[in-house]
1. Mind telling me which of the residues P284, P269 ends up being over 15 Å from the mean Cα position of the chain (by Cα), under 24 Å from P16 (Cβ atoms) and either open to solvent by less than 40 Å² (accessible area, probe 1.4 Å) or aliphatic (A, V, I, L, M) (or both)?
2. Look through region 102-137, keep the residues that are β-branched (V, I, T) and open to solvent by 10 Å² or more (accessible area, probe 1.4 Å), and return whichever of them is nearest to P16 (Cα to Cα).
3. Condition first: surrounded by 16 or more Cβ atoms within 10 Å (Cβ to Cβ) and either on the phi > 0 side of the Ramachandran plot or in a helix (DSSP H, G or I) (or both). Now tell me which residues in region 179-198 satisfy that.
4. Starting from residues that are touching a His at 6+ places or on another chain (Cβ under 9 Å) and hydroxyl-bearing (S, T, Y), keep the ones in region 48-101 and report whichever is most open to solvent (accessible area, probe 1.4 Å).
5. Can you say whether V205 is modelled with pLDDT of 85 or more, under 18 Å from P263 (Cβ atoms) and surrounded by fewer than 17 Cβ atoms within 10 Å (Cβ to Cβ), as far as the supplied structure shows?
6. Does Y253 satisfy the condition of being surrounded by 15 or more Cβ atoms within 10 Å (Cβ to Cβ), of a type in the set (F, W, Y) and assigned to a helix (DSSP H, G or I)?
7. So, in region 155-201, how many residues would count as being in contact with a Ser or Thr (Cβ under 7 Å, 6 or more places away or on another chain) and within 24 Å of V85 (Cβ to Cβ)?
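The values are calculated or read from the model by the stated rules, or taken from the named source; none is laboratory data. Everything quoted here is computed from the prediction, not taken from an experiment. Cβ placement follows ideal geometry from the backbone for every residue including glycine, while neighbour counts extend to all protein chains displayed. With ligands, DNA and RNA removed, areas are computed over all heavy atoms of the protein, side chains included. Shrake-Rupley method; radii C 1.70, N 1.55, O 1.52, S 1.80 Å.
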Amino acid sequence: MEDANQTGPIHFHFRPFSQLPEVQVLIFVTFLIMYVVSVSGNTSISLIIGTSRSLHTPMYFFLASLAALEICYSCTIAPLTLASVLSPEKTLISLPGCAAQMFFFIFLGSADCMLLAAMAYDRFVAICHPLRYALLMSWRLCAQLALGSLVLGFISAVQLTILIFRLPFCSSKEVGMFYCDVLPVMRLACADTRVHEATLFVVGVTVLTIPFLLIALSYVFIVAAIVKMRSAEGRHKAFSTCSSHLTMVLLQYGGGSLIYLCPSSSYSPERGQVVSVVYTFITPMLNPLIYSMRNRELKDAVKRAMRRFLSS
């Protein structure tokens, strides 16, 4: 508590994954590869969908939006993480810088979860009401769902960031994570944070539990509709597009729930680091790989784009 009275600027540094230089280099190379694959893969997905007229449908609009979110999400976390892995003691982040990183992390992560729920609704309409799909999934509704995801994510981020960074912080401290996550930063405050923890739980339920329940309900109707299909090819195509989406849902919601929906008293920095790697590095990297491998139309569009690139 004595440090709380210091008037100098507050800086944070991140907890290193390891003190061994060899391990640090290995982690740096691994994270760098995942970051490059994530940015290049999601950029390719966005460009291919944008330039292929056959993919100008609501499903691919949401997929391109998701890819754009993943690019911004990766760029919010990865560069500073890579710097701190190589030189954890020298990589410092100021209080405003930490607040900015936390804001964009919450904003983009929340919007990501909401957009996955919108994609589930799109699949529900396409499979359960195929004859009314064009009428129900208008471009106006698609834009509203995408914009709504961003607005809800923005509101969640503003609320939590302002609430947390109004707390008094002690002098330079170590964040028990490789980025400015909510719980590790909150633990550095020199004040009672029970109200803040309760607010975080409410936001977590709003962002994670409610959309996940809507996704689960959508897939109850989707599975029932797929089982009734007479065409084996139709069932295979439906399961293929839905399995890609479900994989991303389980990775995104599963990791987030383990961190933000568990009691704060049971929070473990070590477990938090491992789980956070999944939804900050692995999930954005897998997004283009999962959809390009499981979706025939997207796979064909990628092949056509590669042939045009090679021929030019």
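1. Working: P284 fails: over 15 Å from the mean Cα position of the chain (by Cα).
So the residue among P284, P269 that is over 15 Å from the mean Cα position of the chain (by Cα), under 24 Å from P16 (Cβ atoms) and either open to solvent by less than 40 Å² (accessible area, probe 1.4 Å) or aliphatic (A, V, I, L, M) (or both) is P269.
2. Initially, region 102-137 is screened for residues β-branched (V, I, T), giving 106, 125, 127.
Applying the additional criterion that residues be open to solvent by 10 Å² or more (accessible area, probe 1.4 Å) yields 106, 127.
Numbers: I106: 22, I127: 47 Å.
Only one residue fits best here, namely I106.
3. V182, L183, P184, V185, M186, H196, E197
4. S94
5. Working: modelled with pLDDT of 85 or more: yes; under 18 Å from P263 (Cβ atoms): yes; surrounded by fewer than 17 Cβ atoms within 10 Å (Cβ to Cβ): yes.
The answer is yes for V205.
6. Working: surrounded by 15 or more Cβ atoms within 10 Å (Cβ to Cβ): yes; of a type in the set (F, W, Y): yes; assigned to a helix (DSSP H, G or I): yes.
Here the answer is yes, as Y253 does meet what is asked.
7. The number of residues fulfilling the criteria is 6.
Residue-by-condition table, conditions (1) in contact with a Phe, Trp or Tyr (Cβ under 8 Å, 6 or more places away or on another chain); (2) part of a helix (DSSP H, G or I); (3) among the small types (G, A, S):
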site: A64; (1), (2), (3): no, yes, yes
site: A67; (1), (2), (3): no, yes, yes
site: S74; (1), (2), (3): yes, yes, yes
site: L80; (1), (2), (3): yes, yes, no
site: E89; (1), (2), (3): no, no, no
site: G97; (1), (2), (3): no, yes, yes
site: A100; (1), (2), (3): no, yes, yes
site: I106; (1), (2), (3): no, yes, no
